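Chemist: Here it is, the structure in full.
What follows draws every value from the coordinates through simple rules; no lab data is involved. In this text the structure is predicted, and so the values were computed from the model without any measurement. Glycine gets a Cβ as well: all are built from the backbone with ideal geometry, and neighbour counts include every protein chain shown.
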Amino acid sequence: MEVGRQRKPETVIGPFGEAISLDDLPKNAMTRWVIRRKAEVVAAVNGGLLSLEEACDRYNLSLEEFLSWQELIYESGLPGLRVSQLSKHRSETRAKQEQPDETGSRQPKDPFPDLH
């Protein structure tokens, strides 16, 4: 018996208010990500059903891709996960990162300054 380790929940509340389990999550070989599937994976990680590392490994996602889904849900709700919204968000983020600093040079800004 492991001491001090929390047990994962068997179900979490999904993006539409329903209980979801590991069996309800998208299959590992996902080739087409729709809003609902992205939202289910984010809900699973947020609820502790999957760890971030497990989700990225299971679905072959980069950390940046998963975090962008999480951020878009937080900022815009489920409609933010539309591909057209992702493209818009990426363009806006790049534009903010490439703004000239006080010296006039265009150096990319650190997207996660608090993590250092």
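Chemist: Short version: ³J(HN,Hα) in whole Hz for each residue of the range 19-25, in order, from phi by Karplus 6.51 cos²θ - 1.76 cosθ + 1.60 (θ = phi - 60°), x for Gly and Pro, what are they?
Modeler: Taking θ as phi minus 60°, the curve returns 6, 10, 10, 4, 5, 7, 6 Hz for the range 19-25.
Chemist: Grab the beta carbon distance between Arg36 and Gln6, set R0 = 41 Å, and tell me the FRET efficiency rounded to 0.05.
Modeler: With R0 = 41 Å, the Cβ-Cβ based efficiency is 0.90.
Chemist: For the range 12-92, restrict the atom set to alpha-carbon positions and state the Rg and Dmax in Å.
Modeler: Final numbers for Rg and Dmax: 11.9, 36 Å.
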